[in-house]
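As structure tokens, the structure follows; a few thoughts come after it.
The values are calculated or read from the model by the stated rules, or taken from the named source; none is laboratory data. Computed from a prediction, not measured in an experiment: that's the story for all the values here. Ideal geometry is used to build each Cβ from the backbone, glycine not excepted, and the neighbour counts take in all protein chains shown.
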Amino acid sequence: MKRLLVFIKKEFTHVLRDKKTLLILFGMPIVQVLIFGFVLSNEVKNTDLLVIDQAQDRASKEIISKVQASEYFDIASVTFDVQDVEASFKKGKSKAALILPKDFEKNLMTKHVAQVQILADASDPNHATTIENYLTAIIRDYTNSLNASMPYTIIPEVRMLYNPQLKGAPNFVPGVMALILMLVCVMMTAISIVREKEMGTMEVLLVSPFKPIMVIVSKVVPYFILSMLNIVSILLLSVYVLGVPIKGNVLLLFGESALFISTCLSLGIFISIKTQTQQVAMLISLMGMLLPTVLFSGFMFPIENMPFPLRMISNIVPAKWFYIIVKDIMIKGLGFAAVWKESLILMGITVFFLGISIKNFKIRLA
Amino acid sequence: MKAVIAENISKQYDGKPAVEKVSFEVNEGEIFGLIGPDGAGKTSIFRILTTLLLPDGGSAQVHHWDVVKDWRAIRNAVGYMPGKFSLYQDLTVEENLHFFATVFNTTIQENYHLIEDIYVQLEPFKNRRAGKLSGGMKQKLALCCALIHKPKVLFLDEPTTGVDPVSRREFWEMLKKLKQQNISIVVSTPYMDEASMCDRIALIQSGSILSIDTPQDLVKNYGNQLFRVKANDRYRLLEVLKSVPSTKSYAFGEYAHVSVEKDHQMDASEIAQHLQQNGLTEVEVGEAEVTIEDCFINLLH
């Protein structure tokens, strides 16, 4: 036991003396959370809008002022000529255009049907869709106010549950957590075990009374602790800086994080057993773990939209399950009953990789 | 009891033999040297004896434990210093020593008497990181770490490679002191001049042992006449020497050594005459003292 403690202390010393590792360990989570929180965002705010007002009547003016009042749009300019749209899009002066044709109010009042046209720059399709939704909503809102007196109107009342303001943050905090843990646990663990092989210290450790499997255990403990610290710092940032509250049970959230960390560590151990140099271990961790995490966890790209084979692949990506668990607990405020299935899958993956790691563990060289 | 018994051990890598039917015994409390050039199979033999590699053939025992069956017992009882510096470069001298002492279930205090002579030299640098030490200091620290648990057998794989001559001599003095503590030492080196520091040596080449003997007997049993020769043109000298029948010649430091086969007695003036006839001047021929290197070269052919 004393030996294990000394070994663990040694691992901490390695980490603490290596400034670069330390920076990756603690700098990266903070930077990533802040970058995702403030810079990379799929929210639509202050979109430049070009308005072509050919009607120039009361109704058109009212719509324009309603659009102007929303925080989603800035009106870049109001013109008369439809030709301006393309020029403005190409120069990047505006991302969308709202065209109110001639006789807008007259048609609305006499025929009860009037048309507006929305043009959006769909080179970024997600952005374009969001713009369209917002503009349609504003116009619907206006129509509803006119129709107030009319019978037989169905007014759909849309409410965005769990994230009413459609903020980006609640979506990516779980994603960043998965990403960071994947990086810290898998890559760092794999590298630190492989380093012992590469430096030749493993050779000395093997010829000692220390059980080889204990080498692995003592490597894993520090990274487990450091990862839990990372979880705390990410959660603190998300609650106090990004304003994403933890709706569910905090203890449950930590418990599930500990489970996912174990999964990552088992992957890290597996990689370290299969590789001989730090470079290979790093490459495999990056290509084999990080990339699938980004692609298949559902945090950047919705899994529902993927073709069947890719959806199947996503099932073996641990981060996908952790992402679902964290979203359920943190944002929806659900309890263990809602996430037991995902937890079981993570546990299964952990046991599987630990099993084959132990089976493949070599007590000798080569 | 023998410290090490190796019987016909063989090892192949991808079908290429690295160690071929190597047998030797190491007596308790002796310094046994494996002497041979790089790639002779020394490291493979060490790894087999320290249970890090399984032999493809043959068997070996360390302190009566079998290297395959009783690997755990061997790992508890031996000290091993690999050829490559294998301590933690980012830990200090003291931290390294403390770490290895703990791993081996002991404390620095318990066996301090073993490492005292060596550690005294390291003490001024005890807070320096191991990676920042000089080559000689690194090896001394590695020796301390391998010794700290008072091993029964100490395996040192090329401990003096890359170490300056002064530190090398100091290192061998330390090994002699350890011997007095009844620790058996198996050491390898590519430097022939270090062979004389061992009690017994095995000359090894291409995975096979050429000869096992004490350094003194090896030299004594050389048998051939040995001359050292010098002349104005070294390159031509070696060319001309090749043509002398029943001899073998090779460059040796600033001289050329000429080994004359047992049955063909020859004296110095004969060789000198032959050289002068071939147009060499400033010819100098004298009897040479036999070294381990001469024995090694003699055994090669």
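The single condition among (1) more than 27 Å from A:LYS9 (Cβ to Cβ); (2) free of Cβ contacts under 8 Å to residues at least 24 places away in the same chain; (3) among the aromatic types (Phe, Trp, Tyr) that B:PHE155 does not meet is (2).
The selection criterion, being at pLDDT 85 or above, outside the structural domain of A:PRO222 (by TED's automatic domain parsing) and within 35 Å of the chain's Cα centre (by Cα), does not hold for A:VAL31. Taken over region B:75-84, the criterion of being at the interface with chain A (Cβ under 7 Å from one of its Cβ atoms) and touching a residue at least 40 places away in the same chain (Cβ under 8 Å) is satisfied by B:VAL78, B:TYR80, B:PRO82. With respect to the conditions (1) touching a residue at least 12 places away in the same chain (Cβ under 8 Å); (2) closer than 18 Å to A:VAL6 by Cβ; (3) surrounded by fewer than 20 Cβ atoms within 10 Å (Cβ to Cβ), B:TYR88 lacks only one, and its number is (3). Restricting B:VAL67, B:VAL62 to residues that are without any contact (Cβ under 8 Å) to a residue 24 or more places away in the chain and touching a strand residue (DSSP E or B) at 6+ places or on another chain (Cβ under 8 Å) narrows the list to B:VAL67.
Would you mind finding the one in B:THR102, B:THR106 that is facing chain A (nearest Cβ under 7 Å) and over 28 Å from the mean Cα position of the chain (by Cα)? Reasoning before the result, please.
On the way: B:THR106 fails: facing chain A (nearest Cβ under 7 Å).
That would be B:THR102, the only listed residue that is facing chain A (nearest Cβ under 7 Å) and over 28 Å from the mean Cα position of the chain (by Cα).
Report yes if some residue within region A:161-171 is of a type in the set (Ser, Thr, Tyr) and at pLDDT 85 or above; otherwise report no. No, the conditions are met nowhere in region A:161-171.
On the stretch given as region A:197-218, residues that are within 9 Å of chain B (Cβ to nearest Cβ), in a helix (DSSP H, G or I), touching a helix residue (DSSP H, G or I) at 6+ places or on another chain (Cβ under 7 Å) and in contact (Cβ under 8 Å) with a residue 12 or more places away in the chain total 2. Take the conditions (1) more than 9 Å from every other protein chain (Cβ to nearest Cβ); (2) aliphatic (A, V, I, L, M); (3) out of contact with any Lys or Arg (no Cβ under 8 Å at 6 or more places or on another chain); B:LEU34 misses just one of them, which is (3). Only residues that are assigned to a helix (DSSP H, G or I) and either outside the structural domain of A:ASN171 (by TED's automatic domain parsing) or under 19 Å from the mean Cα position of the chain (by Cα) (or both) were counted in region A:315-338, giving 14.
Filter the strands (runs of 3 or more DSSP E) completely within region B:193-246 down to those with at least 1 residues that are among the basic types (Lys, Arg). Steps first, answer last, please.
Working: elements: B:200-205, B:208-213, B:225-230.
Of the strands (runs of 3 or more DSSP E) lying wholly inside region B:193-246, those with at least 1 residues that are among the basic types (Lys, Arg) span B:200-205, B:225-230.
For region B:239-261, filtering for residues that are touching a strand residue (DSSP E or B) at 6+ places or on another chain (Cβ under 6 Å) and among the aliphatic types (A, V, I, L, M) leaves 4.
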